[in-house]
Amino acid sequence: MKYRSVQTGVMAITLIGTILLAGILVAYYLFQKDNNDKLFAQEMEQRDNLITRILRSKEDVNRKVILENSAWDDLKSYLSEPDEEWIEEEIGYMLESYKAACLQVIDLNGKVRFERRDPFFEFSEFFTFKRSELESNFADTCYREFFYLDEEDNLFQYYLAGIVSSADILTRKEKEVGYLVMACQVSDSLLIDYSKSLGNIRVGKVVELTAVEDLIQRNKKNKQNQIITYEPLNNFYGNPVSYMYFISDNEVKKLFDNFVPVFIGVSSFCIFVFILLIIYIKIRVLGPLKKIGVAFQDQDSEIVKPMKTNPTEFGILSNQIDKFFTQQNELQTLNKLLEQQHNEMQRKNEELQKQKEEIAIQVENVNVLNLQLSDRNKEMEMKNTKILVQKSQIEEQATALKLHKSQLEDLYHQMMTSNKELQNSNRLLTESVEFASSLKKTLTIAGMPTKTGFSDFFYLSLAKDQISGDLYYVKHTENYVLVAVGDCNAHGASGAIMSSLVMYTLDKTIYNYFDEESIPMPHKVLNRMASQIESIARDSKISDDGIYLSIFVYSYKKEAAYFASARRSVVIVRKGDSNEFFGDSVSIGMLPDKFRFSCQEVTLRPDDKIYMYTDGCTSLIGGPNNHKLMAVNFKKMLAKNAIYSMSEQRKQLKTFFEDWANGEFSDDITILGFTL
């Protein structure tokens, strides 16, 4: 057997120790670097907080001056009754006191009603306000700040506040009557003041962001220990017109840079001492250990005998090794004698074991024969039992077949009778469907939309069964156009008959209660229709549950649109956005006592697309996951397709519905789209 050298083990221990020492030194370096990063983050946070406080301190002063002077009853009166002498005396002081470049009072239209400038900026160009921009920017605030860069690269900071009465100085709930404006130049002297206030932080400004980025890149390239940040200065529209940058020395990095050489020197010294220790161990310890290892490997004590006179522990160990090898030779002689006796005993035991195994094999063969005979007897008994059971089953099956034959003959006669009854029912059902379809088609043609009254339009009707329970109706006169879309809570023939009743009632209601000159308000039409339909349903004993109907009326004379509905809505797409208007959440036939429908006036704009539809458009089941289409997805599709013509929209909607439902509709679908 080959043994490893003790020297190899010691060298392995030495290598592990060196790695551990190096790991400890690296861990200590990383620990110091992490502390350095934390200190740098704290310094950056303190630096940013200091910059923010200094920059905001001057802005807070100007903000307070503008807010206090804009809440002044006399200034509010000035816009209606100008007094130049008063305003020069009372407001003009702000020009000198706060080093303003320009002071203005402007009205709600953006017109300058008063202006006073610093003589130095007599011919400078200042920001011009537009009425629409003032309205949008002061819609939800009373104060604004922004920066303005003129053509000569002069940078001004503007402070604006709405002019209100003095009683509203704190709440600012009044509607402003004008605006007080103060413009202050962001000059080099102001940046010097900022630098003095910030201590060792230098402040500057540039127009282009690339100038600051170039400054940062040059600092990194030259490995300067500096921290450079910048803040964008946004204009009235929120876009940066200039940038203010801040430069300071990175004191934490300087301290860490001084730490690195000291750390390297100490680490080198520790490694040097460790190497000297390794050399000492190799000379004084590994040499004697190697000789002892060779003696054990070669089983010879001659190599260690010269070490017996060594006064160290290795001399004592050499004497013990010499005695060990002497006793080992004596034990080897005794072992040889014992091994011979053991071999003889083992030979006799093997002969006895062979005789025992032969007897066991004979006994096992006898037992196997007995088991085989027993298994054959059991198989014969089981076969006899199966034959008896099969015989009994065959007799029972013959009896059951006779009975089944008699039952089949009776069932055949019953099926022939039922077939004749089904043929008769099918003929009656076909005739009722054809009648309902003809009735609805006749009423639909009277109220079918045409090009007259619309700039463009389309209608799409897809039935779940042979005929649909949905309805649509259009009436156009010189004074108005009325559009109605509805849905009965039934399908097929019953739904068609119910929708025909609704269309007939709607047409008669408009004809009987509204002349050609008057506008049929949609909520009044619904109230009269609901009363008539419920009365007809009671007299004829038909169900009027679940009639959903929406009515949209546009008056040419008033140029106004009105909308009312029973559990339906109308969608108006304007510039790519869909807006949904909801009616009352009750259906005709389910009205509470003394209930009256409400009416909404809808403001229309040119190019608005109006869509009226039944609930089958949003509850259609299908798609990749077999779920409902839902109203939010349907409205998104309307807004997306609104850019196309009405005829193209109809093609895309029809294709989408057929693909979504895979040709099997879960409900009737009707949608009418138009522009006025």
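The values are calculated or read from the model by the stated rules, or taken from the named source; none is laboratory data. Everything quoted here is computed from the prediction, not taken from an experiment. For neighbour counting, all protein chains shown are included, and Cβ atoms are generated from backbone atoms with ideal geometry for every residue, glycine included. SASA here: full protein model, heavy atoms, side chains in, ligands and nucleic acids out. Shrake-Rupley method; radii C 1.70, N 1.55, O 1.52, S 1.80 Å.
Here are some notes:
- Measuring r between the beta carbons of ASP375 and SER406 and using R0 = 56 Å, the FRET efficiency lands at 0.70.
- An oblate overall shape is assigned to region 569-676, the ratio a/c of its alpha-carbon gyration tensor axes (a ≥ b ≥ c) being 1.5 or greater and a/b not exceeding b/c.
- Using a cut-off of 22 Å between Cα atoms, the listed pairs LYS130/LYS205; LYS475/LYS508; LYS130/LYS558; LYS175/LYS558; LYS475/LYS594; LYS464/LYS636 include LYS130/LYS205; LYS130/LYS558; LYS175/LYS558; LYS475/LYS594; LYS464/LYS636 as exceeding that distance.
- Taking each residue as 0.36 nm, the span from ARG574 to ASP83 lengthens on full extension beyond its C-alpha to C-alpha distance by 172.0 nm.
- Charge sum, other residues only, whose C-beta stays under 12 Å from GLU648's C-beta, Lys/Arg counted +1 and Asp/Glu -1: +2
- Averaged per residue, region 82-184 has 52 square angstrom of accessible surface, using a 1.4 angstrom probe with ligands and nucleic acids left out.
- Region 609-621 - phi-based ³J(HN,Hα) in whole Hz, Karplus 6.51/-1.76/1.60, Gly and Pro as x: 9, 10, 10, 10, 8, 9, 6, x, 5, 9, 9, 4, 9
- Of TYR554, TYR480, TYR237, the order by accessible heavy-atom surface (1.4 Å probe, DNA, RNA and ligands excluded), from most exposed downward, is TYR237, TYR554, TYR480.
- GLU88 accessible area, 1.4 Å probe, all protein chains in place, Å² to nearest 10: 80
- Shown are LEU209, LEU20, LEU462, whose ranking by accessible area with a 1.4 Å probe and every protein chain present, most to least, is LEU20, LEU209, LEU462.
- Cα gyration tensor, region 102-222 - rounded (a/c under 1.5), prolate or oblate: prolate
- Here the Karplus relation 6.51 cos²θ - 1.76 cosθ + 1.60, evaluated at θ = phi - 60°, turns the backbone of region 358-375 into coupling constants of 5, 5, 5, 5, 5, 4, 5, 5, 5, 5, 5, 4, 4, 5, 4, 5, 5, 5 Hz, with x for every Gly and Pro.
- Under the convention that each Lys and Arg Cβ holds +1 and each Asp and Glu Cβ holds -1, the size of the dipole of region 495-541 around its Cα centre is about 280 debye.
- Per-residue SASA entry for ARG113, accessible area with 1.4 Å probe, Å² rounded to 10: 80
- Positive-end residue, region 459-608 charge dipole about Cα centroid, Cβ charges, pick of GLY589, TYR548, SER494: GLY589
- Exposure of ILE192 as accessible area (Å², to 10), given a probe of 1.4 Å and all protein chains: 90
- If you sort VAL483, VAL203 by accessible surface, 1.4 Å probe, largest first, the order is VAL203, VAL483.
- Potential lengthening of the chain between ILE387 and HIS627 amounts to 80.5 nm, from the contour at 0.36 nm per residue minus the alpha-carbon distance.
- For region 203-217, backbone phi angles converted through the Karplus equation (6.51, -1.76, 1.60; θ = phi - 60°) give residue-by-residue couplings of 10, x, 9, 9, 8, 9, 5, 4, 5, 5, 5, 5, 5, 5, 5 Hz, Gly and Pro being listed as x.
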